[in-house]
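Below you'll find the structure, written out as structure tokens, and then a few comments.
FYI, it's all coordinate maths here, none of it is from the lab. The model shown is predicted, which means the values in this text are computed figures rather than measured ones. Because the Cβ atoms are built from the backbone with ideal geometry, glycine has one as well, and the counts that use them run over all protein chains shown.
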Amino acid sequence: MEKKTALKRLTLLNSAIAAAWWLTYPLLGLKGVVIGEIVIFVVTVIAAVSIERKMER
């Protein structure tokens, strides 16, 4: 149950960061925002994997 809660929080945090990142569109342009979204996604996946490994122990 704890694992699902942690992953839900991580998903919500990722969604909030991704939505806020689009506010930087006027500064960065489309290419910058897309690269940022990819980085946010990769960091989220790495965090999810680390949470799963911690919960397995």
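Give me the percent relative contact order of segment 2-56, please, defined on Cα pairs under 8 angstrom at least 6 residues apart.
52
What FRET efficiency do you get for Lys54 and Ala19 if R0 is 30 Å and r is their Cβ-Cβ distance, rounded to the nearest 0.05? Please report the intermediate quantities before stating the final value.
Values: r = 27 Å, r/R0 = 0.90.
Calculated transfer efficiency: 0.65.
Pulled fully out, how much extra length does the chain show between Leu28 and Leu12, if you take 0.36 nm times their separation in residues and subtract their Cα-Cα distance?
On the way: separation 16, 0.36 × 16 = 5.76 nm, distance 2.38 nm.
Full-extension gain reported as 3.4 nm.
Can you give me the convex hull volume of the Cα atoms of the chain, divided per residue and expressed in Å³?
Working: hull volume 2.9 nm³, N = 57.
Dividing the Cα hull volume of the chain by its residues yields 50 Å³.
Rounded to the nearest 20 Debye, what is the dipole magnitude of segment 2-56 about its Cα centre when Lys and Arg each give +1 and Asp and Glu each give -1 at the C-beta?
About 120 debye.
Using a Förster distance of 35 Å, how high is the FRET efficiency between Lys4 and Val39, based on the Cβ-Cβ distance and rounded to 0.05? Could you put the intermediate results ahead of the total?
Details: r = 25 Å, r/R0 = 0.73.
Approximately 0.85, to the nearest 0.05.
What number, rounded to the nearest 500 deg cm²/dmol, is the helix-based mean residue ellipticity at 222 nm of the chain, given -39500 (n - 2.57) per DSSP H run of at least four residues and division by all its residues? Display every interim value, and only then the final one.
Details: 2 runs with 52 residues, N = 57.
The per-residue figure over the chain is -32500 deg cm²/dmol.
Can you grab the distance from the C-alpha centre of segment 1-31 to the C-alpha centre of segment 34-50, Å, no decimals?
Centre-to-centre distance over Cα atoms comes out at 9 Å.
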